[in-house]
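As structure tokens, the structure follows; a few thoughts come after it.
What follows is calculated from the coordinates using simple rules that are stated; it is not laboratory data. A quick note: this is a predicted structure, and the numbers were derived from the prediction, not measured. Glycine gets a Cβ as well: all are built from the backbone with ideal geometry, and neighbour counts include every protein chain shown.
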Amino acid sequence: MKSIIRSFIVFVCLSVGLAASAKDGVFVKTPDVLKQKKGEVQGWNPYFTIGANVNFGHSRKVVGQLDGQSWTLGWNLNTGVEYNKGPHQWLNNLSILDTFSYAPPINEFVKANDNFIFHSEYYYRIPKVSWLGPYADFKLETSMFEGTDVRQNSNNTWVDADTHAILHKGKRFKLTESFKPLTLKEVVGLFARPFSSKAFQWQFTAGFGSYQVFADGQYTLKDDSNTPTIELARMKSYVQAGLEAGTEIKGLVLKDRLSYRVYGNTMFPFIHTNDAQSRNVAELTNVELGAKLSIKIFSWASLDYEFKALRQPQLVDAFQIQNNLLLTFSYTAVKKRTAKKQK
């Protein structure tokens, strides 16, 4: 946990430094709606980008490596539509990332990353204090494809970690179905943007949130290396509601070639269901930390790094950590419009 927090703090400091060093990265307060209009396109603003990534390797009689070929194939989609009109701002985004890897000794394609996220946010900027106002947030997170545990040998035994009942024997076991687990999040509250510019935008949110997680019948690995069997934990559906607070820093610098985003959210579930262990609010607190850095090499190629640490104690009683570094080739069918520079 400490190493996760340290890594996140270092990334935040780096991002703030990049923003402060950029020519247009001066902290700019936005005291009225007119200044907000200068930096955004009014009306509807759609965008659509699709991309792919591929990596190939081959080894033969290399010390410390298995003979054979290795592949990493993936695709991603980033699309949505924004709406700005006076004090109203509505942001909608659909993001999909899937990667599959093929390498010895398994020698078959196995899912490496699978993220499907739809996010819709509405902000009402109070006319005389446009950096402050009410907001509503909806988010859907899931996976598109089945999750499977594949092993090299065919004589494996998967058992339930609680009952020790045998679930399956063989080479592979299906852990999760398509679009499971599925998490829905709704939040209503207040937002504040004390600083807002192209290179540096800092936002705070606080409000009442509700989470619904659909995971009945799905499994996650909880293997004990000291036993010959493979232990699995059965996941359960649940509902939570309580206080949520978050912060986000993002910007576009270096002549629009480098974009960054760091964020953190915490949800304290004062209301919850299906928790047999009767844990307190602190033990059930949800935490999400994330960071993304994207460097545009060409108009059609970028190097992207993304970090995510997620704690959902009622689903999995451990931090779920993802690190992705991808060279992505993309095609932009519909480009997001940007506001014209003011003279």
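Of note:
- Computed over region 164-239, Kirkwood Rh from alpha-carbon pairs, angstrom: 16.4
- Nearest 10 degrees, 0 to 90: helix 2-21 Cα axis against the chain principal axis: 30
- Computed over region 252-319, relative contact order equals 30 percent, with contacts defined as Cα pairs under 8 Å that lie 6+ residues apart.
- Using only the C-alpha atoms, the convex hull of the chain corresponds to 160 Å³ per residue.
- For region 188-343, averaging the sequence separation of C-alpha pairs within contact (under 8 Å, six or more residues apart) and dividing by the residue count gives a relative contact order of 16 percent.
- The aspartates and glutamates whose alpha-carbon is closer than 14 Å to the alpha-carbon of K185, local same-chain residues fewer than 8 away aside, are E121, D137, E141, E244, E288.
- Derived scalar couplings between HN and Hα for region 227-240 equal 10, x, 8, 10, 7, 10, 9, 7, 8, 10, 6, 7, 10, 9 Hz in order, rounded to whole Hz, by the Karplus curve 6.51 cos²θ - 1.76 cosθ + 1.60 (θ = phi - 60°), x for Gly and Pro.
- Whole-number percent relative contact order across the chain, with pairs defined as alpha carbons under 8 Å at least 6 apart: 15
- Globularity index of region 45-200, i.e. its alpha-carbon radius of gyration over 2.2 N^0.38 Å: 1.51
- Rounded to whole Hz, the Karplus (6.51, -1.76, 1.60) HN-Hα couplings of region 279-294, x for glycine and proline: 6, 7, 4, 4, 6, 9, 4, 8, 10, 9, 10, x, 7, 9, 10, 10
- Cα-centre dipole for region 280-330 with unit charges at Cβ (Lys and Arg positive, Asp and Glu negative), debye to 20: 220
- A Förster radius of 56 Å combined with the Cβ-Cβ distance from S154 to F48 puts the calculated FRET efficiency at roughly 0.80.
- For region 151-158, 3J(HN,Hα) per residue [Karplus equation, 6.51 cos²θ - 1.76 cosθ + 1.60, θ = phi - 60°, Hz, x = Gly/Pro]: 10, 5, 8, 9, 10, 8, 10, 9
- Cα gyration tensor shape for region 217-257, rounded if a/c is under 1.5, else prolate or oblate: oblate
- GNM result for the chain, Cα springs below 10 Å: residue of D216, D224, D149 fluctuating most strongly: D224
- Residue-averaged 222 nm ellipticity for the chain, from DSSP H runs of 4+ at -39500 (n - 2.57), nearest 500: -2500 deg cm²/dmol
- Positive-end extreme of charge dipole, region 261-335 - chosen from N280, Y305, Y263 (charges on Cβ): Y305
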